[in-house]
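Undergrad: Just dropping this structure here.
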Amino acid sequence: MNFRHDEIRERFPEYLKSSLSDEMKKAFELHVRDCAACRSELSIMSGLVSIDVPDPGNLYWATLPRKVEALVNGEKKQRFPVKSLLIKFIPAAAAFAILLVLLITGTGRDGVYDLNTSVNDPFTVTYLEDGDLTDEDIYVLAEKTAGDSLYMEPEDILDYSYHGEFASLSSGEMESLYEALKTEQTKGG
Amino acid sequence: MEDIRLVERYCNGESGAIEELVLKYQKQVYAFIYRIINDPEEAKDLTQKTFLKLFKAIGSFRKESSFKTWLYQIAMNTSLSYIGQNRDRTTETELQGTIIESQAGALSLVMEKERMDYLKKALSELPERQKLAVILRAYEGLSCKETAGVMGCSEGTVKAHYHAAVKGLRNILKERGYEF
């Protein structure tokens, strides 16, 4: 078996590890015997390989695998699962955002009534009389309430509250009801 | 294939695979790191650090190269970053160790040891890429292709580094009166 010079040089590691076949080993040694460059290189390589590596001892070899395992498992537990948390919370956050948008756009009132504050303020006004509202105020109020879904017409109020019952009472019956409530010192209405 | 199976077992949550992988490669990794940094105590720490880095990054192992190549790559980067951080300290420790050990032995042993120490020192004086090419090829017995995989370069570059290293070693030793 004939080897080229370059092929021999590529096989130094195998030769030093004694992993060449007998036939290859024989051809290798034949070449090295006649080639000064390869002889010198092989001498350097075998010198390097024979340099000892200090042995850290059996205790080190026996404990290292378990130590690494413990550290890897410890680190795994400590690591904050940012990725998985993001994946978990993205749908919930999206649902919340949609809900928020629906709440704002669906139930919001359109603008603020542009009325006299002394009329609108419940702390300063105890009751309303027709004279408190100007014609302009009534017009603005009518315009604004027309588009308000929560606004109820007076007849609706009569249908769904006790106001309807009061409306059906005569003035005498109302008077006796008032007296009865006053006697029992009960506030209400 | 056996390594890949162990990696898959670890990825599937079997932490026992860690022990098997460390047991299989710990001696090789330690020797490799020691040859690069020349400090046995630091080599112990860096071996542990290498395995921790390996398991931390195991999700990024693409199985295109062999597990061994990938492991050596991590060990090499860990060692090189250690050298970068402790450049002055490494040389000092190494010289002190040589002097103390030389005083202890008999004359013939000291001479042989001195020859080996010069060789070791000559290796440490080589440029980093050349030193790595020699360590991976001569000590670890990796092929040119595997060495190229670890060093992240082409096979041609590995060959160039390796031959320049051998030439460099020969010249350094010649200057000190040693013929190899």
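Undergrad: Taking B:Thr91, is it over 23 Å from A:Met45 (Cβ atoms) and either at pLDDT below 85 or hydroxyl-bearing (Ser, Thr, Tyr) (or both)? First the steps, then the outcome.
TA: Working: over 23 Å from A:Met45 (Cβ atoms): yes; either at pLDDT below 85 or hydroxyl-bearing (Ser, Thr, Tyr) (or both): yes.
It is true that B:Thr91 is over 23 Å from A:Met45 (Cβ atoms) and either at pLDDT below 85 or hydroxyl-bearing (Ser, Thr, Tyr) (or both).
Undergrad: Here's something else I'd like to know. Which ones in the range B:31-63 are of a type in the set (S, T, N, Q) and in a helix (DSSP H, G or I)? Quick ask: steps written out before the conclusion?
TA: So in the range B:31-63, the residues of a type in the set (S, T, N, Q) come out as B:38, B:47-48, B:50, B:60.
B:Thr47, B:Gln48, B:Thr50, B:Ser60, listed by residue number.
Undergrad: Take the conditions within 14 Å of chain B (Cβ to nearest Cβ), in a helix (DSSP H, G or I), at pLDDT 80 or above and surrounded by fewer than 10 Cβ atoms within 10 Å (Cβ to Cβ) and apply them to A:Leu42. Does it pass? Give the steps one after another, and end with the answer.
TA: Details: within 14 Å of chain B (Cβ to nearest Cβ): yes; in a helix (DSSP H, G or I): yes; at pLDDT 80 or above: yes; surrounded by fewer than 10 Cβ atoms within 10 Å (Cβ to Cβ): no.
Judged against the criteria, A:Leu42 is not a match.
Undergrad: If you don't mind, there's one more thing I want to ask. Are there any pairs with C-beta distances below 6 angstrom linking a residue in the range A:1-28 that is farther than 22 Å from B:Leu136 by Cα to a residue that is among the charged types (D, E, K, R), with the two at least 6 apart or on different chains, and if so which?
TA: Every condition considered, the pairs that remain are A:Met1/A:Glu23.
Undergrad: For the range A:1-57, give me the residue count where each residue is under 24 Å from B:Asp117 (Cβ atoms) and charged (D, E, K, R). Spell out how you get there, then give the answer.
TA: First pass over the range A:1-57, keeping only residues under 24 Å from B:Asp117 (Cβ atoms): A:12-13, A:16-17, A:39-57.
From the residues that got through so far, the ones that are charged (D, E, K, R) too are A:17, A:39, A:41, A:52, A:55.
Looking only at that region, the number is 5.
Undergrad: While we're on this one: When the residues of the range B:47-73 are narrowed to those that are surrounded by fewer than 22 Cβ atoms within 10 Å (Cβ to Cβ) and among the aliphatic types (A, V, I, L, M), which ends up nearest to the other protein chains (Cβ to nearest Cβ)?
TA: Among them, the one singled out is B:Leu52.
Undergrad: So which residues in the range A:51-71 are at the interface with chain B (Cβ under 7 Å from one of its Cβ atoms) and either assigned to a helix (DSSP H, G or I) or not hydrophobic (A, V, I, L, M, F, W, C) (or both)? Show your work before the answer.
TA: Going residue by residue through the range A:51-71, those that are at the interface with chain B (Cβ under 7 Å from one of its Cβ atoms) are A:51, A:53-54, A:56, A:60-61, A:64-69, A:71.
Matches in the range A:51-71: A:Pro54, A:Pro56, A:Tyr60, A:Trp61, A:Leu64, A:Pro65, A:Arg66, A:Lys67, A:Val68, A:Glu69, A:Leu71.
Undergrad: Still on this structure, please answer the following. Give me a count of the residues in the range B:1-37 that are surrounded by fewer than 19 Cβ atoms within 10 Å (Cβ to Cβ), more than 8 Å from chain A (Cβ to nearest Cβ) and within 30 Å of B:Lys120 (Cα to Cα).
TA: Going through the range B:1-37 one residue at a time, the tally reaches 2.
Undergrad: Now, a different point. Give the residue that is farthest from the chain's Cα centre (by Cα), with candidates limited to residues of the range B:131-150 that are part of a helix (DSSP H, G or I) and facing another protein chain (nearest Cβ under 8 Å).
TA: Filtering first and then ranking leaves B:Cys144.
Undergrad: Additional query: So for the range B:139-153 (the condition being crowded, with 16+ Cβ neighbours inside 10 Å and under 12 Å from A:Leu48 (Cβ atoms)), does at least one residue qualify?
TA: Checked against the condition, which is being crowded, with 16+ Cβ neighbours inside 10 Å and under 12 Å from A:Leu48 (Cβ atoms), the range B:139-153 yields at least one hit.
The values are calculated or read from the model by the stated rules, or taken from the named source; none is laboratory data. Keep in mind it's a predicted model, so treat the numbers as computed, not measured. Neighbour counts run over all protein chains shown; Cβ positions are idealised from the backbone, glycine included.
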